[in-house]
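I have placed the structure first, in the form of structure tokens, so that the comments after it can refer back to it.
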Amino acid sequence: MTRLIIASKNAHKVNEMKAAFKEAAIALDLVSLADLPAVPDVLEDGQTFLENATKKAETIAKAYPDDLVLADDSGLTIPSLNGEPGVFSARYAGDHDDVANNRKVLAKLSGKQDIEREAFFTTVMVVVGPDRANLQVAGRVDGFITEDWDGQESFGYDPIFYYAPAEKTFAEMTTAEKNDVSHRGRALQELRLKLPAWLAE
């Protein structure tokens, strides 16, 4: 069976992929970076989510040229802040400090109203394989940044990202609710649709 390396050590992300591929009847041997004997370091210094995801996938593919490699990059974009935090989402106020990141966003949006608080999450996924063009998919979900936050910790910017159709923040949703509408969920849905034809090339 063809092996697909998911460029992450996040067990939740790997399990999510396995469930999605199983549901779509895509037969691949999925492994994560945690399953590999050695993983090259990747400096994510791209200007876009696509650049970072591509660099990650292609770097790992050089170390494992016989395998397929899937990498993704995600982040929050706030147009009124000139697109911040964007590709710096995970380290906006320090290295992977979710609480500090949320506080920085709220501070920068202080006094801004309505349209100025519009924001969207983006996920870009890139699959690299031998002797074929890269497969690229993306997902996006639009929402608003709340004006306050109760300080409860959650994943990333979920506590301050309000999704109007559900009338709640991402942090208030169940995992299933969020996966149905999230940027990652939407990118994964597109991947499930496009991957079979790409694998058959």
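The values are calculated or read from the model by the stated rules, or taken from the named source; none is laboratory data. The model shown is predicted, which means the values in this text are computed figures rather than measured ones. FYI the Cβ positions are ideal-geometry reconstructions off the backbone, even for glycines, and counts take in every protein chain you see.
Tell me yes or no: at least one residue of region 142-154 is of a type in the set (Asp, Glu), in contact with a strand residue (DSSP E or B) (Cβ under 6 Å, 6 or more places away or on another chain) and under 18 Å from Ser80 (Cβ atoms). Steps first, answer last, please.
Our first condition is that a residue be of a type in the set (Asp, Glu); within region 142-154, this holds for 142, 147-148, 150, 153.
Next, from what is left, pick out any that are in contact with a strand residue (DSSP E or B) (Cβ under 6 Å, 6 or more places away or on another chain): 142.
Checking which are under 18 Å from Ser80 (Cβ atoms) leaves us with 142.
Looking through region 142-154, at least one residue is of a type in the set (Asp, Glu), in contact with a strand residue (DSSP E or B) (Cβ under 6 Å, 6 or more places away or on another chain) and under 18 Å from Ser80 (Cβ atoms).
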task = State all residues of region 34-63 that are under 16 Å from the mean Cα position of the chain (by Cα) and surrounded by 12 or more Cβ atoms within 10 Å (Cβ to Cβ); if no residue qualifies, say none.
result = Glu44, Gly46, Thr48, Phe49, Leu50, Glu51, Asn52, Ala53, Thr54, Lys55, Lys56, Ala57
request  = Starting from region 176-200, take each residue that is within 16 Å of Val126 (Cβ to Cβ) and list its partners that are buried (at least 16 other Cβ atoms within 10 Å of the Cβ) and acidic (Asp, Glu), counting only C-beta distances under 8 angstrom and pairs at least six apart or across chains.
outcome  = Arg184/Glu16; Arg184/Asp72; Ala187/Asp72; Leu188/Glu16
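Going residue by residue through region 132-143, is there one that turns out to be more than 30 Å from Lys62 (Cβ to Cβ), surrounded by fewer than 17 Cβ atoms within 10 Å (Cβ to Cβ) and either under 16 Å from the mean Cα position of the chain (by Cα) or among the aromatic types (Phe, Trp, Tyr) (or both)?
Quick first cut of region 132-143, residues more than 30 Å from Lys62 (Cβ to Cβ) only: 141-143.
When the remaining residues are screened for being surrounded by fewer than 17 Cβ atoms within 10 Å (Cβ to Cβ), the result is 142.
Of the ones still in play, those that are also either under 16 Å from the mean Cα position of the chain (by Cα) or among the aromatic types (Phe, Trp, Tyr) (or both) are 142.
Within region 132-143, one or more residues are more than 30 Å from Lys62 (Cβ to Cβ), surrounded by fewer than 17 Cβ atoms within 10 Å (Cβ to Cβ) and either under 16 Å from the mean Cα position of the chain (by Cα) or among the aromatic types (Phe, Trp, Tyr) (or both).
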Test: Ser80 is surrounded by fewer than 17 Cβ atoms within 10 Å (Cβ to Cβ), touching a residue at least 24 places away in the same chain (Cβ under 8 Å) and closer than 24 Å to Tyr163 by Cβ = yes
request  = Would you mind telling me which numbered condition in (1) more than 24 Å from Lys13 (Cβ to Cβ); (2) of a type in the set (A, V, I, L, M); (3) in contact with a helix residue (DSSP H, G or I) (Cβ under 8 Å, 6 or more places away or on another chain) Ala93 fails?
outcome  = (1)
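Give the residues of region 175-201 that are of a type in the set (Val, Ile, Thr) and modelled with pLDDT of 90 or more, sorted by residue number. Break it down stepwise before answering.
Restricting attention to region 175-201, the residues satisfying the condition of being of a type in the set (Val, Ile, Thr) are 175, 181.
Answer for region 175-201, where residues must be of a type in the set (Val, Ile, Thr) and modelled with pLDDT of 90 or more: just Val181.
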ask   = What tally of residues in region 84-103 results from selecting those that are surrounded by 15 or more Cβ atoms within 10 Å (Cβ to Cβ) and at positive phi?
value = 1
request  = Considering every residue within region 152-162, establish whether at least one is of a type in the set (Val, Ile, Thr), under 27 Å from Thr54 (Cα atoms) and under 20 Å from the mean Cα position of the chain (by Cα).
outcome  = no
remark   = For region 131-156 the number of residues that are more than 22 Å from Ala20 (Cβ to Cβ), of a type outside the set (Asp, Glu) and modelled with pLDDT of 95 or more is 5
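How about region 3-102: which strands (runs of 3 or more DSSP E) wholly inside it have at least 2 residues that are of a type in the set (Asp, Glu) and within 20 Å of Val127 (Cβ to Cβ)? I'd like the intermediate steps shown before the answer.
On the way: elements: 3-6, 29-32, 68-77.
Counting at least 2 such residues, we get 68-77.
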